[in-house]
Amino acid sequence: MAHEFDTATLRKYDSDYVWHPFTQMSEWESADNLVITRGEGSYLIDSDGNRYLDGVAAIWTNVHGHCKKEINEAIKAQVDRLEHSTLLGLASEQAAVLAKRLVEILPDGLCKVFYSDNGSTAMEIAVKMAFQYQMLTGQRERTRFISFANAYHGDTVGAMSVGGIDLYHEVYSPLLFPTIKAPSPYCYRCTLCEERDSSTCGMLCLQELERLMESHAHELAGLVIEPLVQGAGGMIVQPPGFLKGVRELCDRFGVLMLADEVAVGFGRTGAMFACQKEGVTPDIMALSKGISAGYLPLAVTVTTKRVYDAFLGSYAEMKTFFHGHTFTGNSIACAAALASLDLFASERLLESLPQKIAYISERLQGLAGLPHVGDVRQEGMIGGIELVRDKESREPYHWEERVGVQVCLEARKHGLFLRPLGNIIVVFPPLSISMEELKILMDGIEASIVAITE
Ligand SMILES: *Cc1c(COP(=O)(O)O)cnc(C)c1O
């Protein structure tokens, strides 16, 4: 039986014993924090019974809503068959079936699935796999990676090394392996041109990338990119054609393309995978957040036959990929992921998105007229609203003012739960959100921005 505690007790236990991620705990301990005890569809419910529309989909993971009956049932059924075994020395029913189902929907050519349990780890695996591939194919000087300014690939040391967000990564810099950094196509604060037009900006970024890749071609093992959208970097949307251009450059210089679809995979951009919108097949792709519909920690790193085959040989040849995690291919997580894929089909989820995407677009255009809204960005079911002190000069609010945080706290009065990225308000609801709920979400965001900035 679940234990039940009152809110005061739960808050005390939390502030006495829990160290929260990305959180200044001295502030947290003295705040009245919400304690979430239940979920229902697009809503999170706190220990006092208040309901909050989940505008960030349980940190970008939720797909079909909270406590979705079909997924709950699949998990319960799996628990009574097998909770976990291992993929070290054993095959596993759910992991095998899920791998097959994933390959059926992944961009053509991605055909081997390596399991882990979070996005950072999936990226560590991608980096190690690319590096070892180059070693195994005799390209021993290809040891380096090129990645983008403003990129986020997770918080482990290798994933931070290919990341590019100074606020998160700076302090650890002596620990990180050096990478080559290409500019981010962040048109609104572009440093490459004055055009402030996203396609010009994208072209200039591609040219700079080409120049960098050309001069480092002999030593590059891989290029790491978040396809279509840099998520944690502020929902920076790439102009059409950018990803395709990156793929072409990787081909030209013999560099493996590592696509981090941890945030954008599983329908978020309106397509099942972001790469599919540009007809691109990366050499290695990492997936996590949405894979189990926000239920359980699960991740995969998928690759092509070409990369996989390079690791084949007799044991004595030492071509084995020596990497693995204890909870690799967990049966319950895989069962949740399979139930989620079934729901994509039975609820015709992707088909339901264009109407929602068009509505978000319409509302974002409306918000763009507000006096302290600077750039607004959108890719599918992702929106980013950048708040600025001065619209004309694009002068940002100082990060210490934490205007984004204030707007999100204000939004709770409107029954929303939001989490900003600095001064960018993020729109990232469960894909299953209804049109009525989407209106509540956008109305609340608008009212909260107006209340705080005007
Ligand atoms: C969240 C995220 C990660 C890290 O995933 P974790 O499961 O938090 O380790 C990596 N890449 C991208 C693009 C992400 O959004």
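The values are calculated or read from the model by the stated rules, or taken from the named source; none is laboratory data. No experiment lies behind these values; they were computed from the predicted model shown. Note that each Cβ is placed from the backbone with ideal geometry, even for glycine, and that neighbours are counted across all protein chains shown. The area values use the complete protein model at the heavy-atom level, side chains included, leaving out ligands, DNA and RNA. Shrake-Rupley method; radii C 1.70, N 1.55, O 1.52, S 1.80 Å.
Things to note:
- Portion, in percent, of the accessible area of the stretch 73-346 that falls on carbon or sulfur, probe 1.4 Å: 57 percent
- Take 388-398, 316-326, 159-169 and order them by the average number of nearby Cβ atoms within 10 Å per residue, most first; the result is 159-169, 388-398, 316-326.
- FRET efficiency for residue 104 and residue 443, using Cβ-Cβ distance with R0 set to 51 Å, rounded to 0.05: 0.80
- Protection proxy ranking of 400-407, 417-424 - average other beta-carbon atoms within 10 Å, highest first: 417-424, 400-407
- Efficiency of FRET between residue 86 and residue 451 - r from beta-carbon atoms, R0 35 angstrom, step 0.05: 0.10
- Model label points for residue 128 and residue 394, set 7 angstrom from Cα along the Cα-to-Cβ axis, are 4.1 nm apart.
- A 1.4 Å probe, protein heavy atoms only, puts the accessible area of residue 26 near 80 Å².
- Taking 0.36 nm per residue of sequence separation and removing the Cα-Cα distance, the residue 28/residue 214 pair yields an extension gain of 62.2 nm.
- For the pair residue 37 and residue 434, the difference between a 0.36 nm per residue extended length and the Cα-Cα distance amounts to 140.7 nm.
- Full extension of the chain between residue 13 and residue 192 gives 59.5 nm of extra length, using 0.36 nm per residue less the Cα-Cα distance.
- Whole-angstrom gap from the stretch 156-193 to the stretch 195-245, using each part's C-alpha centre: 13 Å
- Summed side-chain charge close to residue 152 - residues other than residue 152 whose Cβ falls under 10 Å, Lys, Arg +1, Asp, Glu -1: -3
- Selection among 200, 92, 118 by position relative to the dipole of the stretch 73-346 gives 92 as farthest towards the positive end (Cβ unit charges, Cα centre).
- Protection-proxy order for peptides 354-364, 256-266, 147-157, each taking the mean of Cβ atoms within 10 Å per residue, highest first: 256-266, 147-157, 354-364
- Probe 1.4 Å, accessible area per residue of the chain, Å²: 45 Å²
- Where N is the number of residues in the chain, Cα Rg divided by 2.2 N^0.38 Å: 0.98
- Applying a threshold of 29 Å to the alpha-carbon distances of 100/181; 128/277; 277/305; 181/277; 76/413; 277/439 flags 100/181; 76/413 as lying beyond it.
- Considering only alpha-carbon pairs that sit under 8 angstrom and 6 or more positions apart, the relative contact order computed for the chain is 21 percent.
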